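Okay, structure first, notes after.
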Amino acid sequence: MRSRIILSLFVLLISATGAGSKDGPRRIRLSVLEDKIRGGWAGQMIGVSYGAPTEFRSNGKINEGEIKWSPEMVSNAIQQDDLYVEMTLAEVMDRVGLNATTEQYGEMFKDSKYSLWHANAAARRWLNNGIKAPLSGDPRYNGHANDIDFQIESDFIGLMTPGLPQEANKFADRVGRVMNYGDGLYGGMFFGGMYSAAFFETDPRRVVEQGLGCIPARSGYGRIIGDLLDWSAKNPGDWKKTWQLIEDKWDKDDPCPDGALQPFNIDAKLNGAYVALGLLYGSGDFAKTLEIATRSGQDSDCNPSSAAGILGVMLGYEKIPDVWKSGLPPLADRKFQFTNYSFNEICKSTLERALKVIKTSGGKVEGDEVTIPPQTARAPKLEQWNPGVPDKRIVATDPAWTWKGSWEDEQGRPGRAQTIGKAASSGGAEATLQFAGTAVILVGPCSQSGGRADVYLDGRKAGEINAYIVERTSDNTLWHTYGLKPGPHTLRIVTRDDADPRSKGKRITLYSAVTFRAR
């Protein structure tokens, strides 16, 4: 039955697109283009709502539990960050134009009011401290540069670049550098390439292959997707075996301070592989694609959101089964949180942007026929950030630390007497850490009462900590450095008696340090 459905879709697509080969212009009816864009946004909404109850509940293992679905669950999408963040980025294009710069996207991000975590939060923190984009996503500042953030916000770019992977890469390079770098940036390029291909492909494998063509094959991201394509070809009927191969080789050495030496992994390339896994083994079946992308674990609401978004483009909205989309019409005019868009409005806006991109790329819109010029993806120049292999998490109570001055024990949640860190709220307190390695991250909370501290490495001033952060921004990477010579080092932190003018206090809290060894 499934093969007949896929064959029918293939016939439908050929009749919809009309003449035009992969090497020449492609033609698609305007109504079909609109339906596919609508299918992409609907797929994202369905996928994130389907996977939301499982997010980070299954880390480093396949989720074998029950996953429930009812159509009204899709209303959860209205409050989801991987939808409303990308819509506010899209609004920059609608307001400023397609030529909006990375710095202009950064200004929007700096002033945004929604809650942010990981690379997004670090970017907003640095933007509010006077560091402009693209440095806000650079690993010299952003200790989460390889995290998933831009990847889960890049869908809107692929949806406005049908059959135009190089245009998708161009926009991804401008937007993604606000919060990511290297593999974190390539995640958005890979997804944009898959969306771009999905407008004219019926084979999920071809979609994944064309997405891979948008990123450097020698990058960590390129290598994991290359492995996945190889392993899935060798194990065509067993997605769990391929998942285990991914786990064994790639679910390790996450440099994120939350994931280092922990089962939790918010790395872009690992989670991107789970999206591609769902597409490859879902074989065009909406339910199966959702299930595999979700059961793979880790960020298991964002991953099925993108997988279903890409498949939603391949199928088009009208071909998404009613059991999945019937909850959408009642909320189609309801605004997404923190945005000026409803489902209907973001679909309309995306179509308008897509037509502009097509025209500026040399295409045509004549009546109901859209002609898209041939375009081949070109991978950007290779850039990578790899601080090394996480080696130790040295907690505040470890004897490797020495403390002088007004440090006090920071306790855990109420009712727990366990010391989780050391805190000081005045100048002159010193903490010294003896460690060995090639990189180190100081872990502790930033807050609206955060203070400042000077950091000395091996006797020399190496930087400073500013633990103040704007509201609804969660970043715990107080300070980091990498590229050190292997061997022993001494890190000294000295609290200061001043703070950011916006801060309500001068508090510096240290939970731990994550050290890395050379790979």
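Data overview
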quantity: ³J(HN,Hα), Karplus 6.51/-1.76/1.60, whole Hz, each residue of region 32-43, x for Gly, Pro; calculated: 6, 4, 4, 5, 6, 4, 4, x, x, 5, 4, x
quantity: Sites matching GluC sites (Glu not before Pro) across region 87-150 that sit in DSSP coil, with at most 16 neighbouring C-beta atoms within 10 Å; calculated: none
quantity: Coil-residue GluC sites (Glu not before Pro) of region 372-476, DSSP, other Cβ within 10 Å capped at 16; calculated: E383, E471
quantity: Karplus (6.51, -1.76, 1.60) ³J(HN,Hα), θ = phi - 60°, over region 184-193, in Hz, Gly and Pro reported as x; calculated: x, 6, 5, x, x, 5, 4, 5, x, x
quantity: Region 293-382: relative contact order in percent, alpha carbon pairs under 8 Å with at least 6 residues between; calculated: 10 percent
quantity: For region 180-281, with +1 on Lys and Arg beta carbons and -1 on Asp and Glu, the positive-most of T202, L245, P263 along the dipole; calculated: T202
quantity: Under 15 Å, Cβ to Cβ, from E366 - net charge with Lys/Arg +1 and Asp/Glu -1; calculated: +3
quantity: Local electrostatic count at S136 - Lys and Arg +1, Asp and Glu -1, tallied over other residues with Cβ under 9 Å; calculated: +4
quantity: Burial ordering of W479, W250, fewest other beta-carbon atoms within 10 Å first; calculated: W250, W479
quantity: Region 65-136 versus region 361-387: alpha-carbon centroid distance in Å; calculated: 23 Å
quantity: Charge dipole of the chain about the Cα centre (unit charges at C-beta), most positive-ward option of A453, S58, V74; calculated: A453
quantity: Within straight-line cross-link reach of K319, lysines at Cα separation under 20 Å, skipping those fewer than 8 residues along the same chain; calculated: K36, K288, K348
quantity: Shape of region 369-433, Cα gyration tensor, a/c cut at 1.5; calculated: prolate
quantity: Projected label distance in nm at N340 and D227, using a 7 Å step from Cα toward the beta-carbon; calculated: 4.5 nm
quantity: Ascending count of other beta-carbon atoms within 10 Å, so fewest first, for K506, K348, K485; calculated: K485, K348, K506
quantity: Anisotropy class of region 324-422 from Cα gyration tensor, a/c 1.5 cut; calculated: oblate
quantity: For I465, distant residues with modelled amide H under 5 Å away; calculated: A453, D454, V455
quantity: Chain lengthening between Q384 and K461 when straightened (0.36 nm per residue, less Cα-Cα); calculated: 25.0 nm
quantity: Relative contact order of region 389-517, pairs being alpha-carbon contacts under 8 Å that are 6 or more residues apart, as %; calculated: 38 percent
quantity: Residue-averaged [θ]222 nm for the chain, counting only DSSP H segments that reach four residues, each worth -39500 (n - 2.57); calculated: -12500 deg cm²/dmol
quantity: When the chain is reduced to its Cα atoms, the Kirkwood hydrodynamic radius in Å; calculated: 23.6 Å
quantity: Length added when fully stretched, Y114-D238, from 0.36 nm per residue minus Cα-Cα; calculated: 40.6 nm
quantity: Ranking of S426, S306 by count of other Cβ atoms within 10 Å, fewest first; calculated: S426, S306
quantity: Dipole magnitude (debye, nearest 20) for region 389-517, charges at Cβ of Lys, Arg, Asp, Glu; calculated: 140 debye
quantity: Cα centroid separation - region 295-357 against region 216-277, whole Å; calculated: 25 Å
quantity: Shape category assigned to region 176-303 from the gyration tensor of Cα positions, a/c cut at 1.5; calculated: oblate
quantity: Whole-number percent relative contact order across region 241-369, with pairs defined as alpha carbons under 8 Å at least 6 apart; calculated: 13 percent
quantity: Positive dipole terminus of the chain, leading residue within G40, V365, L331 (C-beta point charges); calculated: V365
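Each value in this text was obtained by applying a stated rule to the coordinates, not by laboratory testing. Note that this is a predicted model, so its numbers are computed, not measured. No Cβ is skipped: glycine too gets one built from the backbone with ideal geometry, and neighbour counts run over all protein chains shown.
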